[in-house]
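The values are calculated or read from the model by the stated rules, or taken from the named source; none is laboratory data. Remember, predicted model here, so these are calculated numbers, not experimental data. Here Cβ is always computed from backbone atoms with ideal geometry, including for glycine, and neighbour counts include all displayed protein chains. Ligands, DNA and RNA are stripped out before the accessible areas are found, and what is left, the full protein with its side chains, is counted by its heavy atoms. Shrake-Rupley method; radii C 1.70, N 1.55, O 1.52, S 1.80 Å.
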Amino acid sequence: MSCLVLPLLIGVICAGEPAQAMQAPVDLRTIGTAAGNAGDFWTLALCEAHLQRQRQPRLLAGRLGVHGDPSGALPAPPRRMWERPNLWVAWCQRRLRTFTRDGLPAAPAPAFPFDTNAAGVAPDAGAIAAAGMATQRDGTVKLRAQARSPAGSMLLDATADIGAGIWLEEDLAVAEDGSALLIGAASEDRPRTHLVRADGAQLITGVRQPLGVGPRGSWWLARATDREAILLGTADERLALRQAVAGPGWAAGLTEDNRLVIVDAQGKRHQPTAPFPLSGDARLIALGRCLVLHAGAASAPDPLGGPGANLWLVPWRAVQAQPAAPIGIALDGPLAIAGTEAGALWLWHDRRIEVVDCTGAAPASRVLIADAGAPVEWVDEQGHRVRVRMPGGKWLVADRQGRELWRGAAEDIDVRARDWLVVRGGSAATVVRLVDPGRGTTWTGPTGAEVMVDRYGRRALAVRDGRWSELDPLTGRERRAGGGDEAPPVALIDDAPGRLCLARARLCDKEIGDPLAPDRWQLSDAIRIGGALALLDQHGVVIAPRGAAWESVGAAPAAQRFGRFGRTLALLDADGVGLAQLANGTVQPLPAQSRGEDLPQIAPWRVWDTDYHAGKPLRWSDEAAGFLPLRLRGAESGPLLVVTETLLIELDQGLAQRCGRVIN
């Protein structure tokens, strides 16, 4: 069955189903107000920044200036992040922060009354959860766990005694309705897993790494501790599976003898019949809002038109409605997950490539490339671009919309930076800039060298025989060279599947990318000189406003903070050595490199408790503000500059008081 008949099949199996509901517009004023009341000043600042950009009335009286792009901005790199069909969630500094797919804050991020050692998000984002160890009034240490709706409503608040000498792992699974958690823990001698409900915690022996849990704990999924298997547990039995996935209320798995098993929200097991024979390497995945079953490579038909179906797509709602015999869509083709989508497959037939989007109530297909120019052998993602392989060493690179960016023949190609392609073949690699197709920059690297391009377009690096050359990515001209461990860093893209990508402390849509300019910063410091701002990013670049835009005014690559070199405003490295000076709005060399001095502390503010001075200084409070900054800059009576990786926030003294606590 060809993928070209998919729209017809969808119309048949989903007749009467409503189309996927569009995401409700975000009410920034309501979210911002609620965030301020919940001690989440970060979300309040994001809402204020978006409203200012939209020229809407402000939320707060007083001076609150937010500099930088607020879309998807976090105060620090997250410990983990999750992508769901209409929601992004980031675990950052003890809080779970939620964003829409266009980077707007989706809800306030309330504080948990414990240090968050583990966190998780339900399969369809019906609940978010965190767990930690909290000291009680009597001195005992107990497990604390909470599950909330993404909007902040409490779904589960549990305290349980799980014994001494226990610590929590980061793995946590949460039921879609928030009624149960499966939490990974460990002691000195063995891993432990706990099923937590409102009535307490139950120790689940013989398993580790929670993978899923049903409503009220009706079922659970976790890896076995003594063998390579996944265990599916219900009230009265356990079943060993070689593959398993958790959906919103149900779970599915493949047994060791290749039988398909589905367990419903009540914990009852069902064995539906697969629509085709399954081989030993059959795969089962949860993708978007679909359960996807692939027969395996040994059973796969010819993707260019061979007979038989080997790919089965079952909407989650069909699993819930009829777990014993869910209605799905049978197709032929390889299992190629669309790495540039939130939850989709690439399917191809001859020269045509389609995207099957599984994020709605039912799968929907669209044509990505109507004619690739030759029969398609494989499709994958590299560097946030679609890479198509064809016979005879032919390649095609396109964006997520199917627009052609490059076509040619090569032994191999690497899109390791979003806008730069490295074409390999012969004695030297060729670098092509993937912008302005047909008229982009092209140059040839040194003979015999491996060439890499930085994801931000700052530099290219050619490495050969233990020596390196830093090259201009636009021209290929050498800037500097060396050997050993002195090579400048080259940041590469992580091709995790999905539309979401991470640029340190910013959640980005791959279609937009993650450039550093003009206001998508990775800051390390900021100061105000008279009435002008100067920012220092984590690559040593000094940024200053020029009219309505921000521009680089120079760089000292190893600089990490502003300081003093005598009476000169200087850029210092991690050891406090002065690298350059900031004078007349430009970065200039220092007469000599020597140890500099830090700028004076802002009385009475401290980020941490460790520095004291006369009187009662203020400590920046994570509890009051909802985040911790990198640095605080400013004068005692002037506005407070709050430096984070992605934003610079200016607060007058009245607003600043909301973010601090007196150090006693």
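Values for this structure:
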{"quantity": "Total residues in region 370-411, condition surrounded by fewer than 16 Cβ atoms within 10 Å (Cβ to Cβ) and of a type in the set (Phe, Trp, Tyr)", "calculated": "1"}
{"quantity": "Matching option when the condition is closer than 29 Å to residue 102 by Cβ, in contact with an Asp or Glu (Cβ under 8 Å, 6 or more places away or on another chain) and part of a loop (DSSP other than H, G, I, E, B), among 366, 400", "calculated": "400"}
{"quantity": "Region 285-301: number of residues that are open to solvent by less than 30 Å² (accessible area, probe 1.4 Å) and more than 17 Å from residue 359 (Cα to Cα)", "calculated": "4"}
{"quantity": "Residue satisfying all of: in region 332-352; within 23 Å of residue 513 (Cα to Cα) and assigned to a strand (DSSP E or B); most open to solvent (accessible area, probe 1.4 Å) among these", "calculated": "337"}
{"quantity": "Hey, residue 111 more than 22 Å from residue 286 (Cβ to Cβ), part of a loop (DSSP other than H, G, I, E, B) and at pLDDT 95 or above or not", "calculated": "no"}
{"quantity": "Count of residues meeting criterion [part of a strand (DSSP E or B), open to solvent by 20 Å² or more (accessible area, probe 1.4 Å) and either touching a residue at least 24 places away in the same chain (Cβ under 8 Å) or within 21 Å of residue 379 (Cα to Cα) (or both)] in region 424-436", "calculated": "2"}
{"quantity": "Verdict on residue 231 being in a strand (DSSP E or B) and over 23 Å from residue 125 (Cα atoms)", "calculated": "yes"}
{"quantity": "Qualifying residue in region 190-200 (condition: open to solvent by less than 40 Å² (accessible area, probe 1.4 Å), within 18 Å of residue 266 (Cα to Cα), in contact with a helix residue (DSSP H, G or I) (Cβ under 8 Å, 6 or more places away or on another chain) and not in a strand (DSSP E or B))", "calculated": "no"}
{"quantity": "Every residue from region 307-331 that is over 19 Å from residue 251 (Cβ atoms) and in a strand (DSSP E or B)", "calculated": "311, 329, 330, 331"}
{"quantity": "Any hit, region 442-456, residues being among the hydroxyl-bearing types (Ser, Thr, Tyr), closer than 20 Å to residue 494 by Cβ and either open to solvent by less than 20 Å² (accessible area, probe 1.4 Å) or in contact with a Leu (Cβ under 8 Å, 6 or more places away or on another chain) (or both)", "calculated": "yes"}
{"quantity": "Pick from region 114-156, criterion at pLDDT below 90 and among the β-branched types (Val, Ile, Thr), ranking: most open to solvent (accessible area, probe 1.4 Å)", "calculated": "135"}
{"quantity": "Lone qualifier among 264, 281, 350 - being out of contact with any Cys (no Cβ under 8 Å at 6 or more places or on another chain), under 30 Å from residue 501 (Cα atoms) and charged (D, E, K, R)", "calculated": "281"}
{"quantity": "Residue within region 515-523 that is open to solvent by less than 50 Å² (accessible area, probe 1.4 Å), out of contact with any Phe, Trp or Tyr (no Cβ under 8 Å at 6 or more places or on another chain), modelled with pLDDT of 85 or more and outside any loop (DSSP other than H, G, I, E, B) present", "calculated": "yes"}
{"quantity": "Residue ID - modelled with the highest pLDDT, chosen from residues in region 22-38 that are under 24 Å from the mean Cα position of the chain (by Cα) and surrounded by fewer than 20 Cβ atoms within 10 Å (Cβ to Cβ)", "calculated": "27"}
{"quantity": "In region 79-108, the residues that are open to solvent by 20 Å² or more (accessible area, probe 1.4 Å) and not in a strand (DSSP E or B)", "calculated": "79, 86, 93, 94, 101, 102, 104, 106, 108"}
{"quantity": "Top-ranked residue of region 616-626 - restricted to ones that are under 18 Å from residue 652 (Cα atoms) and not small (Gly, Ala, Ser), ranked as modelled with the lowest pLDDT", "calculated": "617"}
{"quantity": "Hey, residue 41 at negative phi, in contact (Cβ under 8 Å) with a residue 40 or more places away in the chain, surrounded by 16 or more Cβ atoms within 10 Å (Cβ to Cβ) and out of contact with any Asp or Glu (no Cβ under 6 Å at 6 or more places or on another chain) or not", "calculated": "yes"}
{"quantity": "Candidate set from region 478-514 (those that are in a loop (DSSP other than H, G, I, E, B) and basic (Lys, Arg)); member that is most open to solvent (accessible area, probe 1.4 Å)", "calculated": "504"}
{"quantity": "Failed item in (1) touching a strand residue (DSSP E or B) at 6+ places or on another chain (Cβ under 8 Å); (2) in contact (Cβ under 8 Å) with a residue 60 or more places away in the chain, with residue 504 passing the rest", "calculated": "(1)"}
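One line per residue, one yes/no per condition, for (1) at pLDDT 80 or above; (2) not polar (S, T, N, Q):
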position: 584; (1), (2): yes, no
position: 600; (1), (2): yes, yes
position: 606; (1), (2): no, yes
position: 614; (1), (2): no, yes
position: 633; (1), (2): yes, yes
position: 641; (1), (2): yes, yes
position: 646; (1), (2): yes, no
position: 655; (1), (2): yes, yes
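Results for (1) touching a His at 6+ places or on another chain (Cβ under 9 Å); (2) more than 18 Å from residue 296 (Cβ to Cβ); (3) buried (at least 24 other Cβ atoms within 10 Å of the Cβ), shown as yes or no for each residue.
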residue	(1), (2), (3)
209	no, yes, no
214	no, yes, yes
222	no, yes, yes
225	no, yes, no
248	no, yes, no
252	no, no, yes
264	yes, yes, no
